[in-house]
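The structure under discussion appears below in the form of C-alpha cells.
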Amino acid sequence: MATALHFSGVKTPCPASASSERSLQYKQPLWSQRLRFATCVASNNGFYTSAKNFSCTSRVLRVSCEGGGITDVLEKKQTDNQCLGENEKQLTCVMKFGGSSVASAERMREVADLILSFPQERPVIVLSAMGKTTNKLLLAGEKAVSCGVTNVSTIDELSFIKELHLRTVDELGVDSSIISSHLEELEQLLKGIAMMKELTLRTKDYLVSFGECMSTRLFAAYLNKIGVKARQYDAFEIGFITTDDFTNADILEATYPAVAKRLHGDWICNPAIPIVTGFLGKGWRSCAVTTLGRGGSDLTATTIGKALGLREIQVWKDVDGVLTCDPNIYPRAEPVPYLTFEEAAELAYFGAQVLHPQSMRPAREGDIPVRVKNSYNPNAPGTVITHARDMSKAVLTSIVLKRNVTMLDIVSTRMLGQYGFLAKVFSTFEDLGISVDVVATSEVSISLTLDPSKLWSRELIQQASELDHVVEELEKIAVVNLLQHRSIISLIGNVQRSSLILEKAFQVLRTNGVNVQMISQGASKVNISLVVNDNEAEQCVRALHQAFFENDPFEVECGSENGSV
Ligand SMILES: Nc1ncnc2c1ncn2[C@@H]1O[C@H](COP(=O)(O)OP(=O)(O)O)[C@@H](O)[C@H]1O
Ligand SMILES: N[C@@H](CC(=O)OP(=O)(O)O)C(=O)O
C-alpha cells in the first residue's frame, strides 16, 4: 500500500508545477528515513505513477516521472523481506573505517554522513577502536601488572578511555548503558591483571577487544538514533574463527561460510546495516577472543568481502590512499592510483603501515577490488587495488621502510659443494618459530633478515635470549655474525625494469654515501629489497623518492621503449 512519505526532516517548500522532476531537500539524511528500502511513487494530482529515475544523495531526493507535474512524493513502506527487491537481497560492499576515522563523536557523525552519501550501496561497516584506544588499552594493561590492585582505577590510560567513550555517548546523544558494562568489565579485568601481576598474550587480546566492542556499539546506536537501522556484531560471535596465536591470529577457512550465513541471513530476515568489530576473532581451540595483529581490521574487511562475494571492499583511512612512501618520513609522498594485490601485499608485508600484511589475501582469492580512500577527504580518488593493472609505463610504485631489523651473516664452516647447508639453516629457524624476511645466498654463505613482527610479539628479554639461541644453534655449522639496527628499504615496482631501478637507486645511494649491505630481488617480481644501517635509512628514502618521483631526467636516459635496459 502507498502511504504518504513522512520524513522527519523539513522539506524545502516546493510548489506544485508542471515539471516532471522534483528535487526535495531534507534536513535529515534521507537514508535515515529508510527511503532505501522504499519504492518511491510520484503523485501527479492524485494519479500515482511509479517514479522513473528516483535518486537521492544524502539529503536531496530527485524524482522524475512521465506525464506531467509531480505534486507529491509517496513511498511504499517496506515491512519485511518480501518487499526486498531482487537486487536488494545482497549486501553490496564493505566499508572499513580505521581508528583515525572514528576518533571522536564528531568524526563518527561525519562517517555516518559519508556512508549515507552512498545511497546506492547496502554496506557492511567494519570499525576499529576509537583513535589510539588500542595503544592506551595495552599501556593500561602493562601498568596494571605492577601498580597494585588498589591503584588500577587511577591508571591514566583507563581514565582517558572512560572519559573518551562517555563523552562520545553524551555528544552522540545515545544511551550510556550500551557501553557501561564494558567499562566496568574493563576495570575488573585490569584489577585481575594487577592481582596476577601478569599480562599474558591471551589476556592482551581480551583487553584490547574492548576498544572495537565499544566503538561499534556507539556507532550502531548513533545510526539507529538518526533513524538508520543498524545492527552491531562482535566478530568473535559471528564466525570469525582463527588460530590460537594470540596477538597475531590467522583467519581459518571455516570463517567464510559462517560469516556469510550470519550476515546474509540476518539481512534477508530483517535488513539493518551490519556494524562489525574489526581486528577480533575467536580461537578455534581456546574459544577465547583473539586479535589478527595490529591494523587487523583491514583483514576483517577483506574477509567479509570474500565471504559475501561483495562488489568492492573500501578501506577508509586518514590519507589519500596508498602513497609513494610513508608521509611521516617524507611529506611530499603522492597517492598511487592503481596497485595489484601482489604489490599491495608486498608493500604491506615490508612495513607500509597503511594496510595489514595479510589483508590482500582474501581480496585476491575472491578477486574483489579494494579501494583505499580518505575519510577526511572523500573526493580524493584514492587507490584501487585489483588483480592486474597496466604495467607498461610502471617503473617504481612505492618505497617502503622497515626499521630495526636484525640481519644475520651465516658462513658455512664446511667446504664448497657441501649439500644440506641451506636446509640446516632454515630448519633452525623453523624449529624456533622465527620467520625470515629477506635472503641472499651463495654456495657457502647466507645473509638474511629476521621478521621483526614475529619477534616484537615477544617480551624484550625473551627476544634477546631467542636471538642468542638462534646464534648458538647456527654456530654448530657456521660462523655467524649478528648485525642489529638495520633497515630494509623495499622498492615496490615493475621488476621487469629492475636494471633501471637498480641503476638509479645505486646512483642515489652512492651520491648520499650509503653502503648497501644486502640486496635481494624477491620471486614476487614486484620488490627489490636493500638493507642499510638504521641511521641512514630515512635519508635514503627521501633521496630515492626525489629521484624516482620528483625529477625524472634519468628515466629518459636509461629507460628503453620496451622497458628492459
Ligand atoms: N605508503 C603509505 N601510504 C599511505 N600511508 C602510509 C604509508 N606508509 C605509512 N603510512 C601511514 O599509515 C597511516 C594509515 O594507516 P592506519 O593508521 O593503519 O590507518 P587506519 O587506522 O585509519 O586504518 C597513515 O596515516 C600514514 O601515516
Ligand atoms: N584497533 C586495532 C585494529 C586496527 O585495525 O586499527 P586501525 O584500523 O586503526 O589501524 C589496532 O590499533 O591495531
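The values are calculated or read from the model by the stated rules, or taken from the named source; none is laboratory data. Remember, it's a predicted structure, so these values are computed and weren't measured experimentally. Glycine also receives a Cβ, built like all others from the backbone with ideal geometry; neighbour counts cover every protein chain displayed. The area values use the complete protein model at the heavy-atom level, side chains included, leaving out ligands, DNA and RNA. Shrake-Rupley method; radii C 1.70, N 1.55, O 1.52, S 1.80 Å.
Rounded to whole Å and sorted largest first, list the principal axis extents of the Cα atoms in the range 126-266.
47, 39, 21
So what is Rg over Rh here for the range 172-248, counting just Cα atoms and using Kirkwood for Rh?
1.05
Which net charge results for the neighbourhood of GLY99, defined as the other residues with beta-carbon distances under 13 angstrom from its beta-carbon, given Lys and Arg at +1 and Asp and Glu at -1?
With Lys, Arg at +1 and Asp, Glu at -1, the neighbours total +3.
If you take the alpha carbon radius of gyration of the range 327-453 and divide it by 2.2 N^0.38 Å, what ratio comes out, to two decimals?
Dividing the Cα Rg of the range 327-453 by 2.2 N^0.38 Å gives 1.37.
Within the range 109-178, what whole-number % of the accessible surface is contributed by carbon and sulfur, with the 1.4 Å probe and all protein chains included in the calculation? Each step should come with its number before you reach the end.
Working: 1510 of 2970 Å².
Roughly 51 percent, rounded to a whole number.
Under Stokes-Einstein, with the Kirkwood radius over Cα pairs standing in for Rh, what whole-number D in µm²/s applies to the range 265-357 at 25 °C and 0.890 mPa s?
Here the translational diffusion coefficient equals 159 µm²/s.
Once you wrap a convex hull around the alpha carbon atoms of the range 179-218, what is its projected area averaged over all directions, in nm²?
It is 2.6 nm².
Loop-only check: which chymotrypsin sites (Phe, Trp or Tyr not before Pro) in the range 348-431 are DSSP coil with at most 13 other Cβ within 10 angstrom?
When the chymotrypsin sites (Phe, Trp or Tyr not before Pro) of the range 348-431 are filtered for loop state and at most 13 Cβ neighbours within 10 Å, TYR419 remain.
Might you tell me the accessible area per residue for the range 99-152, computed with a 1.4 Å probe and given in Å²?
35 Å²
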